[in-house]
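For reference, the structure is listed below as structure tokens.
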Amino acid sequence: MTLAEFRAALALADPPAGLSTALRALWLDGKGEWDAAHRSVDDPDTAEGARVHAYLHRKEGDLSNARYWYDRAGAAPFDGPLEREWESLVRELLASP
């Protein structure tokens with residue numbers, strides 16, 4: 001799936017089959033469902049999930065919590081617009097095996 005296809009899938013009522021938990025959270029966030037996205041990665045067991053959790057807290061404006069989750073993910077805090085971080089995460093996760 002490409003970023004364009006992922007974006008097009010935001011028009012669907014349900015997420016595409018086979019998405020990882022982290023990608024499903026980004027799909028939910030892309031549909032404007034921040035609470036559902038956050039709940040789906042509330043206790044992440046992967047670095048990818050922790051990274052998405054960090055992004056969601058950054059989007060919420062809770063930067064100290066976001067820094068905690070970036071650290072848990074082993075990632076530097078993203079420096080740029082939220083939309084660019086969302087796209088970057090989607091691209092990275094779609095490219096992951």
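Numerical summary
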{"item": "Computed lengthening from Glu87 to Ala47, 0.36 nm per intervening residue step minus Cα-Cα distance", "result": "12.7 nm"}
{"item": "Rg over Rh, two decimals, the chain (C-alpha only, Kirkwood Rh)", "result": "0.93"}
{"item": "Dipole of the chain [Lys/Arg +1, Asp/Glu -1 at C-beta], most positive-end residue of Gly18, His57, Ala4", "result": "Ala4"}
{"item": "Order of Phe6, Phe78 - criterion: other Cβ atoms within 10 Å of each residue's Cβ, fewest first", "result": "Phe78, Phe6"}
{"item": "Under the span-like rule (Cα at least 27 Å along the axis, Kyte-Doolittle mean at least -0.5), DSSP H helices of the chain", "result": "none"}
{"item": "Ala8-Thr21 pseudo-label distance in nm [points 7 Å out on the Cα-to-Cβ vector]", "result": "3.0"}
{"item": "q = 0.21, 0.24, 0.30 Å⁻¹: log10 I(q)/I(0) that the Debye formula gives for the stretch 14-70, counting C-alpha atoms only", "result": "-0.68, -0.87, -1.25"}
{"item": "Mean ellipticity per residue at 222 nm, deg cm²/dmol - from DSSP H runs of n ≥ 4 across the chain, formula -39500 (n - 2.57)", "result": "-19000 deg cm²/dmol"}
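Only the coordinates and a few stated rules stand behind these numbers; no lab work does. This one's a predicted model, so the numbers in the text were calculated from it and none came from an experiment. So basically every Cβ, Gly included, is an ideal-geometry build from the backbone, and we count neighbours across all protein chains shown.
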